[in-house]
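K.L.:
First the structure, which I've put down as structure tokens, then a few questions once you've had a look.
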Amino acid sequence: MYSKSAVNKEVKMTKYEEILTAVLGLTAAFTACSVGQMVLFYILAVCAAFDLKERIIPSRFLITGVMTWVCFNFQRFSILRLASAFVIALLLFILTLLYEKLRLRKAIGGGDIKLFFVIALFIGFDKTLIALLLACAIAIVFVVVCKPFKLGPFPWAPAIALGTMIAAVF
């Protein structure tokens, strides 16, 4: 099922996951977030770690996020929240397609779009838009600061995680 290199790669990622998870977990604890938000912060931490290291956001973490949201909201399942998450994802997908057609270069990845879907499930449409704007601002600052170092493609999940934490808490 897993090759030896895939298993070793996941073992190496554990250190990054633990560091980011600890930081986000402490932040969640100090801001008295709900259990759902702490789960979201954990998922964001793991996705940010993978995006930093591998430039990919594994779907298994996003599926875990959706399943967790369904479990937390089983009694009060919200079709409106689900619809708003689809709207966010669809808007990002369309904007990405338009940007790629006009500029002839790669825009945000599918993992980032799916991550925003999960975020919208947990924190709602309005806070997700705020998280999106904050993530863009954080990414711009990061790109401007790191441009002289020519680090290659920008991993957007850490900026998304930070923007979402700020939007969810405030």
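K.L.:
State all residues of the range 34-57 that are open to solvent by less than 20 Å² (accessible area, probe 1.4 Å) and of a type outside the set (A, V, I, L, M); if no residue qualifies, say none.
P.N.:
Correct list: GLY36, PHE41, CYS47, PHE50, ASP51.
K.L.:
Restricting attention to the range 35-47, does a residue exist that is of a type outside the set (Ser, Thr, Tyr) and assigned to a loop (DSSP other than H, G, I, E, B)?
P.N.:
no
K.L.:
Looking for something free of Cβ contacts under 8 Å to residues at least 60 places away in the same chain and closer than 13 Å to ILE160 by Cβ - is there at least one such residue anywhere in the range 92-103?
P.N.:
yes
K.L.:
Another one. List the helices (runs of 4 or more DSSP H) that sit entirely inside the range 72-163 and contain at least 3 residues that are closer than 22 Å to ILE57 by Cα and modelled with pLDDT under 90.
P.N.:
Hits in the range 72-163: 125-146.
K.L.:
Go through the range 121-170 and report how many residues are among the charged types (D, E, K, R) and either at positive phi or within 13 Å of the chain's Cα centre (by Cα) (or both).
P.N.:
Residues that pass the stated criteria total 1.
K.L.:
Which members of the range 94-116 meet the condition of being within 27 Å of GLN37 (Cβ to Cβ) and either more than 18 Å from the chain's Cα centre (by Cα) or surrounded by fewer than 16 Cβ atoms within 10 Å (Cβ to Cβ) (or both)?
P.N.:
LEU95, GLY110 - these are the residues of the range 94-116 that are within 27 Å of GLN37 (Cβ to Cβ) and either more than 18 Å from the chain's Cα centre (by Cα) or surrounded by fewer than 16 Cβ atoms within 10 Å (Cβ to Cβ) (or both).
The values are calculated or read from the model by the stated rules, or taken from the named source; none is laboratory data. What you see is a predicted model, and the numbers here were worked out from it, not measured in a lab. All Cβ positions, glycine included, derive from the backbone under ideal geometry; neighbour counts span all protein chains shown. When the accessible area is computed, the model is the full protein with side chains, heavy atoms only, and any ligands, DNA or RNA have been set aside. Shrake-Rupley method; radii C 1.70, N 1.55, O 1.52, S 1.80 Å.
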